[in-house]
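Here, each number is a calculation from the coordinates, and none is a lab measurement. The shown structure was predicted, so the numbers you read here are calculated from the model rather than taken from an experiment. Please note: Cβ atoms are built from the backbone with ideal geometry, for glycine as well, and neighbour counts cover all protein chains shown.
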Amino acid sequence: MNLLVTGGCGFIGANFIRLLLDQPDFSGHIINVDCLTYAGNPENLADIEKSAGDRYTFIKADICDRKTMASIFDDHAIDTVCHFAAESHVDRSIVSPDAFIQTNINGTFTLLELCRERKGRLQRFHHISTDEVYGSLGKDGYFHEETPYQPSSPYSASKAASDHLVRAYHTTYGLPATISNCSNNYGPFQFPEKLIPLMICNALEGKRLPVYGDGKNVRDWLYVTDHCRAVWEIIKNGKDGETYNIGGNCEMENIRLVETICDALDQIARPLADNKPRKSLITFVKDRPGHDRRYAIDATKLKEHLGWIPATSIETGIRATIDWYLDHKEWMERVKSGAYRSWIQMQYQ
Ligand code: NAD
Ligand code: TYD
């Protein structure tokens, strides 16, 4: 397998590459293409670059750049694609949606066209998407693979558009495509703008913990390694044209999650300067516009078709994540520093 992973220097992509290189049933080559936006960090795979030899290649490129991407497909005889690259943060999409339309829609379209031109060689195009395409749930019920799309944010609308394109390329051109829509991921290497790493970083530094609205929005938390296992299973054994929902079976209100993080840090991290409990840092702030109330995934199809279930409880996953951030304070400082970002850009020109 010559596997093109897009966005492999981001949070989930980096975890996926790390997991895959450890799988006994993967003996192929990984070509990681990432243009290193603020969220992409080759340091996440620096050890892999040293240890994996020719099983792993990193190329700095933009998935929207059709000419460069065509050379990559041909030079590396790409036969499988796992497409993670995206602009991924809802709040950023509300402030400036342009990059979301460009990468998430046009970038996906570019990859699909390149795959269509090379259809004879292509074994699988796997598209990573989100449960946010389905919109918001009320108190009850779950998202199923057949739930109608009703995206609320520019981010989820751009992901919905890309999902439709992938499906159309399967239906119209017979592209061997699969899609997975997963719930909120958490774990090592997540950029500290998303809820869990932001709260861990701020709580460690004694900064305020901004909770949107009344804090009662619910997300279904999925530990990133569980997600990556599911993706590998779909690439290997998923059926062309199928969509699979991936969920953590771990619903929690934001406020409870933030309190859990505060309590855990009070137990294991250095106390705050004033010795106050970290919960005292929680600050309710103005709600996000169009904020979806609840997400919850029914992942029965993945269990019945491919035998996958999430293995990590929220307690275990949160503790592992906190431990990782405590052990990687320098990583945290570096990804937050603008100087580091421009240095990294220069290294990979
Ligand atoms: P991330 O923001 O951490 O990483 C995205 C990566 O894509 C970065 O390395 C970035 O440099 C790269 N990238 C962005 N634009 C690019 C372009 N034009 N060309 C090449 N590379 C580009 O995102 P993530 O959290 O790892 O998410 C990965 C995928 O999973 C995305 O498609 C996202 O929509 C989806 N997803 C994420 C979550 C989550 O909770 N994080 C949940 C559901 C779905
Ligand atoms: P986020 O991690 O941005 O993921 P998504 O919007 O894709 O679900 O946010 C998770 C939840 O946490 C969401 O309900 C918004 C909320 N949230 C806060 O309350 N405060 C914050 O500072 C952030 C970033 C998110």
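Here are the numbers for the structure shown:
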{"read-out": "Residues with amide H under 5 Å from that of Thr130, placed H, sequence gap 5 or more", "value": "Cys182"}
{"read-out": "Dipole of the chain [Lys/Arg +1, Asp/Glu -1 at C-beta], most positive-end residue of Leu326, Val166, Leu3", "value": "Leu326"}
{"read-out": "The chain: C-alpha pair distances exceeding 39 Å, %", "value": "11"}
{"read-out": "Cα coordinate range in segment 174-222, projected on the principal axes (Å, largest first)", "value": "53, 26, 13"}
{"read-out": "Residues whose placed amide H lies under 5 Å from that of Arg124, excluding near-sequence neighbours", "value": "Val81"}
{"read-out": "At 0.890 mPa s and 25 °C, Stokes diffusion of segment 142-188 via Kirkwood alpha-carbon radius, µm² per second", "value": "199"}
{"read-out": "GNM flexibility winner over the chain from Asn106, Asn185, Asn237 (Cα, springs under 10 Å)", "value": "Asn237"}
{"read-out": "Dipole magnitude (debye, nearest 20) for segment 1-115, charges at Cβ of Lys, Arg, Asp, Glu", "value": "60"}
{"read-out": "Helix-only [θ]222 nm of the chain, DSSP H runs n ≥ 4, -39500 (n - 2.57) each, per residue, nearest 500", "value": "-12000 deg cm²/dmol"}
{"read-out": "Among Gln190, Gln267, Gln102: highest mean-square fluctuation, GNM of the chain, C-alpha pairs under 10 Å", "value": "Gln267"}
{"read-out": "Lys, Arg +1 and Asp, Glu -1 on Cβ, resulting dipole of the chain about Cα centre, debye, nearest 20", "value": "400"}
{"read-out": "Cross-link pairs beyond the 28 Å C-alpha cut-off, checked among Lys50/Lys303; Lys67/Lys239; Lys60/Lys119; Lys50/Lys239", "value": "Lys50/Lys303; Lys67/Lys239; Lys50/Lys239"}
{"read-out": "Of Leu272, Leu204, Leu21, the one that fluctuates the most in a GNM where the chain has Cα springs shorter than 10 Å", "value": "Leu272"}
{"read-out": "Antiparallel bridges, percent of DSSP beta bridges restricted to the chain (to nearest 5)", "value": "10"}
{"read-out": "Stretch gain in nm, segment Ala273-Ser136, where the contour uses 0.36 nm per residue and the Cα spacing is subtracted", "value": "45.3 nm"}
{"read-out": "Taking the convex hull of Cα positions in segment 55-156, its mean projected area over all directions (nm²)", "value": "8.4"}
{"read-out": "Proximal lysines relative to Lys329, as straight alpha-carbon distance under 19 Å, when same-chain residues fewer than 8 apart are discounted", "value": "Lys194, Lys207"}
{"read-out": "Computed Kirkwood radius, in angstrom, where 1/r is averaged over Cα pairs of segment 165-260", "value": "15.5"}
